[in-house]
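For reference, the structure discussed in these notes is given below.
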Amino acid sequence: METIERTRIVDVLKNDAYGTKVNVKGWVRTRRGSKQVSFIALNDGSTIHNVQIVVDTTRFDEELLKLITTGACINVNGLLVKSQGQGQNVEIQAEEIQVYGTADPATYPLQKKGHSMEFLREVAHLRPRTNTFGAVFRIRHHMSIAIHMFFHERGFYYFHTPIITASDCEGAGQMFQVTTLNLYDLKKDESGSIRYDEDFFGKQTGLTVSGQLEGELAAMALGAIYTFGPTFRAENSNTPRHLAEFWMIEPEVAFNEIKENMQLAEDFIKYCIRWALEHCKDDIQFLNDHFDKGLLERLDFVLKQDFIRLPYTEGIRILEEAVANGHKFEFPIFWGADLASEHERYLVEEHFKCPVILTDYPKEIKAFYMKQNEDGKTVRAMDVLFPKIGEIIGGSQREEDYEKLSRRAAEMGVPEKDIWWYMDTRKFGTAPHSGFGLGFERLLLFVTGMTNIRDVIPFPRTPKSVEF
Ligand code: 4AD
Ligand code: MG
């Protein structure tokens, strides 16, 4: 075969230098045609679109052509020609074809279009080859870039917080344990406690549930930072919105109070959505046409809205009123209750028809580090609630007063000896500061219109599921 430098299909499709010789490599999506001519739809992942390879069957060995089936990988030299068919400008008239790898039609799982999402999860090693997952994972990439751009442009530093940690930031007891102890022969002390002093780190450790505490340390020196990394939660909730391993973005800013924190969250999400519309047009259009006819409209809609700012107490009043007017919720609603997804979605989708930033939650249902309000009952928390998703961001202004923070930690059973280093920021040069965490996969649910969080991360980890 003649050696020609490979062109990515995304670039081939933009090229109108008809008559040029090109090389493309990729995976066969479909092959159809007649005895004389074969049409191969070829995709190399660089775009949702396939390039059509036109094969004059009289010019090729029949045995070779038989190997070109759905899923096979081929290497093609050919002439760029103006396309006769609709929907594309160019196609390639094959001159030489090499089959890199065959895909036996009897066993290759991705034969037809329209496999269910459940089935595709069972073949997560191959699903990136479908249109849908190609689109989702390209969007996932572009959203990562958008996140770095947003913060970089605003002078934030990307700060790496540890993955193995000895402190449970959220205090919700959802840490996965990390140990090198022999689980078949655990040493215990007189009181029956495990001898963690013999473990790798000399104390009990786990995978981080949030980089916030370390992020705060950095903000109190660098001014404004963000983290963007994997987080782990052993919460046994099998829902379309929870993963045991997910990616979180956590900005933390010195001198920001809750108001600026809310504005940052709103600007951040809108920037990401705008970026997606600009850089992922074809993929979003595809998902809009094939999955979720309301997707584009919803993305545009959110960009135009000013997010509602609503105190929790007011939110509860609205929900209680809904109940009084006959609306049925599965879970009871009263002041002090943590909102279930159905409540969050009622506020966003039915009452306001707009994203809502709910603030000033009861202190009992929020973490120890949140700044306490004067009323003694609520804290300066903020959750950003989104249509179809519910909570997409959780954040707060932080308690900067040493005494208050210390008291609250004790009340909530967070041992100060474990977080002495965190407490030190309140002892030495403390200042108001705020931050939040955005669940990356929840953002992706919104931007792609996918309905299950397992379908926006390449290899989802959920209870009893860790294949691939
Ligand atoms: O509300 P959360 O628990 O807040 C924190 O972890 C804070 N430390 C953040 C901060 O202030 N720096 O989690 C933040 C976000 C949620 O709003 C949600 O989008 C996402 O992380 N999230 C999950 N996403 C997928 N699967 C899970 N199990 C998630 N738990 C939280
Ligand atoms: Mg939360």
Test each condition in (1) more than 18 Å from the chain's Cα centre (by Cα); (2) within 13 Å of ligand 1 (Cβ to nearest atom) for Leu405 and report the one that comes out false. (2)
Does Ala367 fit the bill of being assigned to a loop (DSSP other than H, G, I, E, B) and within 24 Å of Ile147 (Cβ to Cβ)? yes
Checking the condition farther than 19 Å from Gly173 by Cβ and within 19 Å of the chain's Cα centre (by Cα), which residue from Phe246, Phe228 passes? Phe228
Applying the selection to the stretch 283-300, what residues are buried (at least 17 other Cβ atoms within 10 Å of the Cβ) and farther than 22 Å from Arg129 by Cα? Leu295, Leu296, Arg298, Leu299
Looking for something in a loop (DSSP other than H, G, I, E, B), aliphatic (A, V, I, L, M) and either buried (at least 19 other Cβ atoms within 10 Å of the Cβ) or touching a residue at least 40 places away in the same chain (Cβ under 8 Å) (or both) - is there at least one such residue anywhere in the stretch 54-76? yes
Can you tell me which condition Glu349 does not meet? The list is (1) touching a helix residue (DSSP H, G or I) at 6+ places or on another chain (Cβ under 9 Å); (2) acidic (Asp, Glu); (3) surrounded by 15 or more Cβ atoms within 10 Å (Cβ to Cβ), and all the others hold. (1)
Give the residues of the stretch 28-52 that are part of a strand (DSSP E or B), under 35 Å from the mean Cα position of the chain (by Cα) and among the β-branched types (Val, Ile, Thr), sorted by residue number. Val28, Thr30, Ile40, Val51
Looking at the stretch 348-364 only, could you name the residues that are part of a helix (DSSP H, G or I) and either among the basic types (Lys, Arg) or under 15 Å from Glu314 (Cα atoms) (or both)? Val348, His351, Phe352, Lys363
Between residues in the stretch 29-47 that are farther than 19 Å from Gly101 by Cα and residues that are in a loop (DSSP other than H, G, I, E, B) and not polar (S, T, N, Q), which pairs lie under 7 Å by C-beta distance while being six or more apart or on different chains? Ser46/Arg8; Thr47/Leu13
The stretch 241-256, residues that are within 14 Å of ligand 2 (Cβ to nearest atom), touching a Phe, Trp or Tyr at 6+ places or on another chain (Cβ under 8 Å) and of a type in the set (D, E, K, R): Glu250
Kindly provide the set of residues from the stretch 372-386 that are crowded, with 21+ Cβ neighbours inside 10 Å and either more than 16 Å from ligand 2 (Cβ to nearest atom) or among the small types (Gly, Ala, Ser) (or both), ordered by number. Ala381
Any residue in the stretch 388-406 that is closer than 27 Å to Phe301 by Cβ, touching a strand residue (DSSP E or B) at 6+ places or on another chain (Cβ under 6 Å) and either aliphatic (A, V, I, L, M) or more than 16 Å from ligand 2 (Cβ to nearest atom) (or both)? yes
When the residues of the stretch 435-468 are narrowed to those that are in contact with a Leu (Cβ under 8 Å, 6 or more places away or on another chain) and assigned to a strand (DSSP E or B), which ends up farthest from ligand 1 (Cβ to nearest atom)? Thr462
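No value in this document is a laboratory result; all are computed from the given coordinates. The model shown is predicted, which means the values in this text are computed figures rather than measured ones. Ideal geometry is used to build each Cβ from the backbone, glycine not excepted, and the neighbour counts take in all protein chains shown.
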